[in-house]
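What follows draws every value from the coordinates through simple rules; no lab data is involved. From a predicted model like this one, the values you see are computed outputs, not experimental measurements. Because the Cβ atoms are built from the backbone with ideal geometry, glycine has one as well, and the counts that use them run over all protein chains shown.
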Amino acid sequence: MGGTLYVIATPIGNLGDITVRALEILKTVDVIACEDTRQTAKLLQRYDLHTPLRRLDDHTERAQAPKLVEWMAQGASIALVSDSGTPLISDPGWLLVRHAIDAGVTVVPIPGPSAMLSALVVSGLPTDRFVFEGFLPVKSGARKKRLEALREGGRTAVLYESPHRVVKTLEAIREVFGDAQMSVSRELTKQFEETRRGSASELLEHFTAHPPRGEFVLVLPPVERTGP
């Protein structure tokens, strides 16, 4: 009888946000595949869990996924976690899930924290239709084209961004979306959690004057189409 792959959401900052079900599974699986063993070890230490850890990140996933699937095919149960939030959302894990499905392994989601959804629901922007874009391209030309596509989509858009690129991204947003009302969240669920809402110009002015720190989620408004 084959094993199971559990895709487990873990806290994005506050370790108290882990679910009871997630803790039960992390305690009982044979192995936890994680993006950074040091980061996951902090969570396990907090809850006195001692399950073995195995690294699975962008550099190791292609080699590790087949081995993990082979274990599961022999009956092992494995938990997949990322450093924070829901695995596969701008994080490793897709190859492991795909290989597991192809091998007939049962894949079970264990829902929980997500920075994307947390920022969206406090943004004050429409939530009935939205698109998650992850990280925009680093190069300015490609970044502008991606933003233009989002502008034409007619849906609220959620982006991730690193602190050292936030100002440049806000500049590009103002260029493409105009001075649109938007939301910027950082360090969600952590000590210095902050969500600022305002025009692209206001947010650009703020983060130019106050050097950005932490992990950022940007939420852009849907743009109403005025022509055919």
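With +1 on each Lys and Arg Cβ and -1 on each Asp and Glu Cβ, how big is the dipole of segment 115-220 about its Cα centre, in debye rounded to the nearest 20?
Values: 16 positive and 14 negative charges, 64 e Å.
The dipole of segment 115-220 has a size of about 300 debye.
What is the spin-label model distance, in nm, from residue 139 to residue 73 if the labels are put 7 Å beyond Cα along the C-beta direction?
Taking the two extended label points, one gets 4.0 nm.
Put +1 on the Cβ of every Lys and Arg and -1 on every Asp and Glu Cβ in the chain; which of 100, 141, 184 then has its Cα farthest towards the positive end of the dipole?
So the residue we want is 141.
Enter the angle in degrees (range 0 to 90, nearest 10) between the Cα long axis of helix 166-177 and the first principal axis of the Cα atoms of the chain, meaning the one along which they spread out most.
60
Need one word for segment 74-198: rounded, prolate or oblate. Basis is the Cα gyration tensor (sqrt eigenvalues a ≥ b ≥ c); a/c below 1.5 gives rounded, then a/b vs b/c decides. Could the numbers behind the result be given before it?
On the way: a/c = 2.23, a/b = 1.78, b/c = 1.25.
Note, shape of segment 74-198 comes out prolate.
Which whole-number percent is the relative contact order of segment 43-108 (Cα, under 8 Å, 6+ apart)? Before the final figure, lay out the partial values.
Values: 40 pairs, mean separation 22.6, N = 66.
Computed over segment 43-108, the figure is 34 percent.
I want to verify the translational diffusion coefficient of segment 50-92 in µm²/s; compute it with Stokes-Einstein, Rh as the Kirkwood radius over Cα pairs, at 25 °C and 0.890 mPa s. Kindly include the intermediate steps, with their values, before the conclusion.
Working: Rh = 11.4 Å.
Value of D from the Cα-based Kirkwood radius: 216 µm²/s.
List the GluC sites (Glu not before Pro) in segment 137-228 that DSSP assigns to loop (not H, G, I, E or B) and whose Cβ has at most 13 other Cβ atoms within 10 Å. Which are they?
Values: sites: 148, 152, 161, 171, 175, 187, 193, 194, 202, 205, 215, 224; in loops: 187, 193, 215, 224.
Sites meeting the loop and neighbour criteria: 224.
Lysines near residue 27 by alpha-carbon distance under 17 Å, same-chain residues fewer than 8 away left out - which ones?
Once the sequence-local lysines are set aside, what remains near residue 27 is 42.
Identify, among 28, 81, 15, the residue whose Cα sits farthest towards the positive end of the charge dipole of the chain, taking +1 on the Cβ of Lys and Arg and -1 on the Cβ of Asp and Glu, with the dipole about the Cα centre.
The listed residue farthest towards the positive side: 81.
How would the chain be classified by its alpha-carbon gyration tensor: rounded, prolate or oblate, with rounded meaning a/c under 1.5 and the a/b versus b/c comparison settling the rest? The partial results should precede the final answer.
Working: a/c = 2.40, a/b = 1.86, b/c = 1.29.
Prolate.
Can you compute the charge dipole magnitude of the chain about its Cα centre, using +1 on each Lys and Arg Cβ and -1 on each Asp and Glu Cβ, nothing else charged? Give it in debye, rounded to the nearest 20.
Numbers: 27 positive and 28 negative charges, 56 e Å.
Here the size comes out at about 260 debye.
At a Förster radius of 22 Å, what calculated FRET efficiency corresponds to the Cβ-Cβ distance of residue 15 and residue 36, to the nearest 0.05? Mind showing how you got there, number by number?
Details: r = 15 Å, r/R0 = 0.69.
It comes to 0.90.
Using alpha carbons only, how many degrees (0 to 90, rounded to 10) separate the axis of helix 61-73 from the longest principal axis of the chain?
Roughly 40 degrees between the two axes.
Using per-residue counts of other Cβ atoms within 10 Å, averaged over each peptide, order 46-53, 35-42 from highest down. Walk me through the numbers on the way to the answer.
Numbers: 46-53: 12.4, 35-42: 15.9.
Output ranking for 46-53, 35-42: 35-42, 46-53.
For segment 171-211, run through the chymotrypsin sites (Phe, Trp or Tyr not before Pro) and keep only the ones in DSSP coil with at most 16 other Cβ atoms within 10 Å of their Cβ.
Working: sites: 177, 192, 207; in loops: 192.
Passing sites in segment 171-211 are 192.
How large is the charge dipole for segment 146-203, taken about the Cα centre, if only the Cβ atoms of Lys, Arg (+1) and Asp, Glu (-1) carry charge, to the nearest 20 debye? All intermediate terms of the calculation are to be shown ahead of the outcome.
On the way: 10 positive and 10 negative charges, 26 e Å.
Dipole magnitude for segment 146-203 comes out near 120 debye.
Please list, ordered by chain and number, the residues whose modelled amide H lies under 5 Å from the amide H of residue 3; skip anything fewer than 5 residues away on the same chain.
73, 74, 75, 76
Residue-wise, which Karplus ³J(HN,Hα) couplings in Hz belong to segment 42-59, taking 6.51 cos²θ - 1.76 cosθ + 1.60, θ = phi - 60°, and x for glycine or proline?
So the Karplus estimates, Gly and Pro as x, are 5, 5, 5, 5, 4, 10, 6, 9, 10, 5, x, 10, 9, 5, 9, 10, 4, 8 Hz.
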